[in-house]
Structure formats: structure tokens, C-alpha cells
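Step one of this worksheet: look at the structure below.
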């Protein structure tokens, strides 16, 4: 029997009606298949948060909060005061913060990964967000951080982000790959009002025309150069490396999934290693999940980012592995039940 057949047989022999644990059964199957094991283990689950600034946000064109909030939130992460800190502490999840390109000079002694490409991207309403060398460097840096975590013992990774204005980049990525209108792709982000939202959509429509988005000949690297963020580019590289190393990838919300769309263009098989933590309240996220034919675990109305949805989902993944490894079978429990 194949590993999938063996896993299905083991799951069906547990002391329960067949299929009674719903998505936990498919999760157990997926994790066992990724690890090629009937007794999979999640080791040192970790959230890696990338922070960077966007040139288009410097003048407040698409965002109600000033660009300086990105750096302020990084310091909040360092001090342990953000939602992602709380959730990781509660569930015993490792947390690493990376400066991918924040417009700020952080103290080198801070406990973050200092890998900035530049102090924010260029304003993509006027030209490319970054050059080819910067995009390639970001991909490599994201991959290197995941490689280091894997070599330290982690086999389960979730990616988060922080960057004022990054829902706009995510909306443009969604628009490019799916062809959906900007009215569907661009949502409220950090909380714009109706007038600000319409302005945001109008600006992003202009950006789409400027960069000829929707052209299928645009490569993933070219798309990142046109309208990406350094954190999105690093997340793309991180996803690709995690897949290469056969890690379980827990996908967070709107921006995290936008980076996955770019990674998916490079390697369409990447979603085989992905579990989608939740469906964000950011309106375009459902469109991304539909495009990837993904079924999210949670529906909590989240639109925070930081990897918070991924952190909330990880205990469910541990539960799926636990039932597969620890739950009695009909035979071991001496119960007469239907087997398959």
C-alpha cells in the first residue's frame, strides 16, 4: 500500500465512525504524507514575521496610518506586546521577527533578524517597487531564515508580516493572477473609510495600468519588482524553501497568501505542503483561497496579519497528529466496530 493508503487505513481503524473527525482526519493524512510517516510529529513549530515598508505608503496614498507605525510595531513585537506574541506564548510556538526593509534604523542589539534590503520599496505608483537584484536578494534572505530554523529542528512554519500599505500590494497580486476587479481585490486594510477606500482603489487601478498587470508573460520575479514589498518577496522565498525541505507550511491571511500566490507561480506543487489557517475578513482573501482551491480551518473574522491566524491554527494541527498517534484502534480497544 502507498503511504496515503496506509494512513487512511490507520485513521479508519480509530475508535470512531469513519470520517467523524472531519478536517482533522484530512490534516492528519496530509501531515503523515508530507513526513512519509504513520506516526508524524510536529517539531518546534515556529512563526516567522517579516516587516518592511512600502514607498507608496510614505505619503498616505493608500493607508490611514503613517508609515512609522511599521517600525513601532516591530518594537512592540520585540517587547512582547503584540497579538502574535501573546498567541505564541500561549501555545508554545517559536517566534522570530525579521527586518526585511523597514524605514528605520533599529538598534543592532535588538533580538530581531537584521536583513533589510533597503529602507522601504520605491513608490510603485511612479515606477518599479524594487530592482531585480533586490528582489532576488529578498527571496534568498527569506529562504535562508527558513533553512536556519529547519536546521535547528523545526518542521512546521507559519509566516506573518507587518508593513503599512501592504494590503495594497496584496490586492495588486490578487488582481494580476485572478483578473478580479480592483473593487473585489482591494478592501479596507487597516481600516480606511469609504472615501479613502475608493481613493485606494482608484490609485491601484492606475498602478495596474502602469505596470500592465494581468499580462501572463510577467514572471514572479518581475511581479515582485513591479509592485511587491520586501516582506512579501522574503515570504515568497521562505515558502519555497520550506516546501523544498518538506516542512509543513501554515498559511496565514491576506498578505501571507498573496506571497504564496507568487510562490505558487514558481512552484505549483507548493500547496501540497500548505494548511490554510483561516479565511480573513479582508475581502480579497476568499478570492485567493478559491483560486488556490484551499479550504481554511478557521473563520474568525480576523484581519490582523502578524501570523496570528497561523498561530491560532497550530494547536489544531498538533491535535490532528495526536489523535493519529495516540487514539486507540477498534482492535487495540477490544471494540467491535466497522473497519475498512
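Against the chain, whose longest principal axis is taken from its Cα atoms, helix 194-210 shows a tilt of about 80°. Assuming a ≥ b ≥ c are the square roots of the Cα gyration tensor eigenvalues, decide whether segment 293-340 counts as rounded (a/c under 1.5), prolate (otherwise, with a/b larger than b/c) or oblate. Prolate is the answer for segment 293-340, as a/c is 1.5 or above and a/b outweighs b/c. The C-alpha atoms of the chain define a longest principal axis, and helix 166-178 lies at about 70 degrees to it.
The label-point distance for residue 9 and residue 107, in a model that sets each label 7 Å from Cα toward Cβ, rounds to 6.0 nm. Using 0.36 nm per residue and subtracting the Cα-Cα separation, the extra length available between residue 319 and residue 266 on full extension is 15.9 nm.
Every pair of different Cα atoms in segment 46-317 enters the Kirkwood calculation, which places the hydrodynamic radius at 17.9 Å.
Percentage of Cα-Cα pair distances in segment 263-334 greater than 21 Å, rounded to whole percent?
More than 21 Å apart: 41 percent of the Cα pairs in segment 263-334.
Between segment 119-137 and segment 175-236, the alpha-carbon centres lie 14 Å apart. Give me the distance between the Cα centres of segment 1-35 and segment 297-340, rounded to whole Å. After rounding, the separation between the Cα centres reads 11 Å. Compared with the dominant principal axis of the Cα atoms in the chain, helix 3-12 is inclined by about 60°.
Overall shape: oblate for segment 71-157, with the ratio a/c of the largest to smallest alpha carbon gyration tensor axis at 1.5 or above and b/c at least equal to a/b. Here the chain carries DSSP beta bridges of which approximately 5% are antiparallel, counting only pairs with both residues inside. Per the Debye calculation on segment 149-206 with a single equal scatterer at every Cα and no solvent contribution, log₁₀ I(q)/I(0) for q = 0.13, 0.24 Å⁻¹ amounts to -0.44, -0.94. Pick from 165, 191, 237: which residue has the top mean-square fluctuation in a GNM of the chain where Cα pairs under 10 Å get a spring? So, out of 165, 191, 237, the one fluctuating most is 191.
Here, each number is a calculation from the coordinates, and none is a lab measurement. Keep in mind it's a predicted model, so treat the numbers as computed, not measured. Please note: Cβ atoms are built from the backbone with ideal geometry, for glycine as well, and neighbour counts cover all protein chains shown.
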